[in-house]
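Below is one structure, written out as structure tokens; the observations come after it.
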Amino acid sequence: MLVIKDLYAKVEGKDILKGINLTVNAGEIHAIMGPNGSGKSTLANVLVGNTNFEVTHGSVTFNGKDLLAMSADVRAKEGLFLSFQYPVEIPGVSMVNFLKTAVNEHRKYRDQPPLSAGDFLKLMREKKAMVQIDSQLTNRSVNEGFSGGEKKKNEIFQMAMLEPTLAILDETDSGLDIDALRIVSNGVNLLKTPNNATILVTHYQRLLDYIVPDFIHVLYEGRIVKSAGKELALELEEKGYDWIKKELGE
Amino acid sequence: MAEIIDKITTVRRIGEIYADNLAKIGEGMSETVNNARQPAFRAFQRMGIPGFKNENYKYTDLTRLFENENFRRSFEPDQFEVSLKDVFSCDVPEFDTHLILVVNGWFDDSNNQGKSYPEGVIIKSLRKAVIENRDLVEKYYGKLANAESDPLTALNTVFAQDGVFIYIPDNTHITKPLQLINILRSEDDLYVTQRNLIIAGKNTQAKIMFCDHTLLPQNFIVNNLTEFEIGEDAVIDIYSIQNQHNKTANLTGLYIRQQRNSQLVTNAISLHGGIIRNNLSVLLDGEHAEAKICGLALSDKNQHVDNYTFIEHHKPKCRSNQLYKNILDDSSTGGFTGRIHVAPHAIKTEAYQRNNNVLLTNAAKMNTKPQLVIDNDDVKCSHGATVGRIDEEALFYLQTRGINEKEARLMLMFAFAHEVLAEVKVDQLRVMIDKLVNKRLRGEVSKCHSCAMDCIR
């Protein structure tokens with residue numbers, strides 16, 4: 001589904017990604033871990049098309065298509081989704097109008113007619129129940145005045161509405177209390193099918209208790225320096241990242 | 001030096017126009033109106049054409065505009081072969097209004113025949129009112145609009161010949177909005193003076209819409225002034241839709257006095273126009289009067305929109321709240337000056353003001369200036385002004401959800417504008433204005449969809 005080959009990227013003239021190789025297949029859950037500043041969020045942003053990041057080398061194909069040649073909105077319509085670490089507040093844009101526009105843009109891309117108002121509201125009700133988002137939140141402007149937890153829930157709600165084939169969750173666990181974490185993880189697990197895939201970007205092993213990955217990759221100084229199964233998370237939790245650094249001979 | 005000479009020549013030329021047409025201008029008008037002309041002209045001579053040197057016109061220099069015009073003045077109503085009702089029809093579905101037409105500053109009487117308004121309500125041309133409703137006109141004409149303190153007000157007072165007169169007697173509620181449509185229509189370049197007088201008695205309720213349009217592509221200068229008296233306990237909404245082509249200079253003055261417990265909403269939506277200058281003055285002249293003052297300006301190309309407000313808190317326990325927003329594209333420019341004066345005895349005043357602006361290009365420019373003079377210390381006042389750009393982070397967020405950049409930008413601009421539009425209390429009107437603003441932001445012709453008139457080109 002996603003094939004990243006020797007990817008280099010920089011932001012504000014500084015090289016952050018220095019040769020990433022990663023393949024994600026349908027049905028898989030990958031966790032990307034690593035210390036602060038290792039390039040985890042940069043990778044997520046590069047994949048969804050943030051133009052503040054400049055790709056200097058390498059290729060990314062998504063379902064066989066050149067991902068890097070697409071604009072951010074086309075990537076989304078091709079099935080890519082990012083749950084932001086810090087979702088932005090957009091005063092004045094109502095949740096309903098925002099989601100309706102987004103859903104119908106996706107449908108238009110697939111040559112489907114727009115949803116009727118009734119069908120849209122029905123879809124929204126279903127998905128709201130699924131991810132257990134407070135019904136009042138969708139009466140407000142996008143993320144405006146939402147608590148940290150509500151923002152993260154809202155990200156998962158949007159994911160439920162848009163049904164991406166590849167979802168990247170950037171530090172989704174940060175700022176969540178244990179109940180919110182359970183609700184968010186539960187949502188992600190419910191949305192999981194054999195046809196889609198998930199990349200979890202996280203610092204801590206905590207999230208991986210709830211969403212169990214098939215693979216764990218350690219990102220360090222812009223490269224994936226170690227890949228293993230889910231047991232790696234426990235080892236990292238126990239020993240910290242210094243252990244990896246030592247292994248690398250630093 | 002050259003500039004000074006030009007200014008003097010312009011003032012002299014306008015003086016000649018006045019002198020040459022004195023008889024025509026005064027014909028059929030009452031002494032109240034005619035006696036105000038000469039002092040107003042002297043005030044105009046003293047102040048001159050408003051320009052950068054005048055602190056109140058710092059952001060809108062009109063010297064060049066007046067220097068370069070040699071426009072026709074119509075001292076009597078133009079005769080049109082075509083009925084304006086055929087040319088103009090604003091039949092927004094289910095938007096039922098009392099339609100009042102004004103053409104080139106002249107009240108269109110043919111349109112006013114057989115109209116039924118609630119009992120006692122008078123709607124007629126100012127020309128007729130000065131004779132037929134002499135007492136009312138004498139009591140209120142020129143009382144709020146002080147020719148001594150503003151050159152455009154002075155000019156208006158010098159040349160005033162017609163406009164709209166509205167009288168709403170005490171305890172009268174007009175449920176249907178009054179829609180006052182100002183049309184500009186001339187085969188040659190035209191300078192228009194329009195003078196309106198509106199008196200809303202005690203415990204009245206009315207919603208009044210001003211729609212400014214151009215029908216032909218000539219150059220226009222409009223000096224349109226309204227005096228508006230609002231009685232005790234009255235609830236008045238004033239909406240203004242400015243939608244004229246870019247060869248128009250629309251210079252408006254709206255002078256309002258509010259008596260106790262009255263509630264006012266004003267909302268000026270500037271969609272198109274070459275130079276728009278709105279002077280708004282609200283005198284809170286009775287306890288517990290409240291005014292909500294809003295404005296939204298969307299400008300592009302070389303448009304210029306300048307809102308100048310003066311809120312005078314003259315009595316205790318009044319509240320005013322101002323919200324003005326501009327979205328400026330291309331090399332358009334804008335200005336906002338918000339003057340608030342709280343009198344020494346006007347304790348427990350609440351006066352708020354906010355001006356937010358978005359610049360879409362590097363060439364667009366916005367000037368904003370709060371001017372608060374507070375002469376007692378038992379008040380709540382605040383002001384804030386921002387000039388910014390479209391939030392790139394929000395833009396990216398929308399794009400990552402599959403919304404293309406153009407649409408995402410529009411959503412954000414519309415969201416920015418919406419706060420002002422939300423203040424429009426008439427549902428159908430708000431829906432209509434929402435649509436107009438949306439179309440305007442999309443760069444489509446922002447006329448009401450079924451209107452036969454193409455007011456942009």
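The values are calculated or read from the model by the stated rules, or taken from the named source; none is laboratory data. Everything numeric here is computed off the predicted structure, so don't read it as measured data. Please note: Cβ atoms are built from the backbone with ideal geometry, for glycine as well, and neighbour counts cover all protein chains shown.
Computed values, structure above
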quantity: Matching residues in the range A:141-160 - criterion: being surrounded by 19 or more Cβ atoms within 10 Å (Cβ to Cβ) and either modelled with pLDDT under 90 or among the basic types (K, R) (or both); calculated: A:K151, A:K152, A:K153
quantity: Selection from the range B:127-151 of residues that are touching a residue at least 24 places away in the same chain (Cβ under 8 Å) and either more than 19 Å from B:R257 (Cα to Cα) or among the charged types (D, E, K, R) (or both); calculated: B:R127, B:K128, B:A129, B:V130, B:I131, B:N133, B:R134, B:E138, B:K143, B:E148, B:D150, B:P151
quantity: Filtered residues of the range B:353-388 (kept if hydrophobic (A, V, I, L, M, F, W, C), surrounded by fewer than 16 Cβ atoms within 10 Å (Cβ to Cβ) and part of a loop (DSSP other than H, G, I, E, B)); calculated: B:A363
quantity: Search result, residues across the range A:85-110 that are closer than 16 Å to B:L410 by Cα, within 7 Å of chain B (Cβ to nearest Cβ), among the aliphatic types (A, V, I, L, M) and in contact with a strand residue (DSSP E or B) (Cβ under 9 Å, 6 or more places away or on another chain); calculated: A:I90, A:V93
quantity: Any chance A:Q136 is out of contact with any helix residue (DSSP H, G or I) (no Cβ under 9 Å at 6 or more places or on another chain), more than 10 Å from chain B (Cβ to nearest Cβ) and either farther than 21 Å from A:L191 by Cα or buried (at least 19 other Cβ atoms within 10 Å of the Cβ) (or both); calculated: yes
quantity: Count of residues meeting criterion [out of contact with any Pro (no Cβ under 7 Å at 6 or more places or on another chain), in a loop (DSSP other than H, G, I, E, B) and under 19 Å from A:N196 (Cβ atoms)] in the range A:50-79; calculated: 4
quantity: Within the range B:102-174, helices (runs of 4 or more DSSP H) holding 1 or more residues that are surrounded by fewer than 15 Cβ atoms within 10 Å (Cβ to Cβ); calculated: B:126-132, B:134-140
quantity: Residues being under 16 Å from B:L421 (Cα atoms) and among the hydroxyl-bearing types (S, T, Y) - total across the range B:291-337; calculated: 1
quantity: The one condition in (1) aliphatic (A, V, I, L, M); (2) more than 9 Å from chain B (Cβ to nearest Cβ); (3) in a strand (DSSP E or B) that A:L82 fails to fulfil; calculated: (2)
quantity: From A:L248, A:L190, residue being surrounded by fewer than 14 Cβ atoms within 10 Å (Cβ to Cβ) and within 29 Å of A:G58 (Cβ to Cβ); calculated: A:L248
quantity: Residue match in the range A:21-34 (condition: over 17 Å from the mean Cα position of the chain (by Cα) and in contact (Cβ under 8 Å) with a residue 12 or more places away in the chain); calculated: yes
quantity: So A:F81, is it touching a strand residue (DSSP E or B) at 6+ places or on another chain (Cβ under 7 Å), surrounded by 15 or more Cβ atoms within 10 Å (Cβ to Cβ) and farther than 27 Å from A:R206 by Cβ; calculated: no
quantity: Qualifying residue in the range B:219-234 (condition: closer than 22 Å to B:D162 by Cβ, touching a His at 6+ places or on another chain (Cβ under 6 Å) and modelled with pLDDT under 95); calculated: no
quantity: Conditions (1) surrounded by fewer than 19 Cβ atoms within 10 Å (Cβ to Cβ); (2) within 10 Å of chain B (Cβ to nearest Cβ); (3) out of contact with any Asp or Glu (no Cβ under 9 Å at 6 or more places or on another chain): number failed by A:V55; calculated: (2)
quantity: Test result for B:A346, surrounded by 18 or more Cβ atoms within 10 Å (Cβ to Cβ), among the hydrophobic types (A, V, I, L, M, F, W, C) and assigned to a loop (DSSP other than H, G, I, E, B); calculated: yes
quantity: Top-ranked residue of the range A:27-52 - restricted to ones that are among the β-branched types (V, I, T) and within 14 Å of another protein chain (Cβ to nearest Cβ), ranked as farthest from A:A76 (Cα to Cα); calculated: A:T51
quantity: Set A:V24, A:V74: member being of a type in the set (V, I, T) and within 14 Å of chain B (Cβ to nearest Cβ); calculated: A:V74
quantity: Selection within the range A:139-173 - more than 24 Å from A:K40 (Cβ to Cβ), in contact with a strand residue (DSSP E or B) (Cβ under 9 Å, 6 or more places away or on another chain) and within 11 Å of chain B (Cβ to nearest Cβ); calculated: A:S141, A:V142, A:E144
quantity: Within the range B:372-425, tally of residues that are within 20 Å of B:T361 (Cα to Cα), more than 8 Å from chain A (Cβ to nearest Cβ) and free of Cβ contacts under 8 Å to residues at least 60 places away in the same chain; calculated: 11
quantity: A:K127 away from chain B (no Cβ under 11 Å) and either assigned to a loop (DSSP other than H, G, I, E, B) or buried (at least 17 other Cβ atoms within 10 Å of the Cβ) (or both); calculated: yes
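Listed here are the residues, each with its yes/no results for (1) at pLDDT below 95; (2) among the β-branched types (V, I, T).
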position: A:G39; (1), (2): yes, no
position: A:L47; (1), (2): no, no
position: A:T51; (1), (2): yes, yes
position: A:D66; (1), (2): no, no
position: A:A72; (1), (2): no, no
position: A:L82; (1), (2): no, no
position: A:P91; (1), (2): yes, no
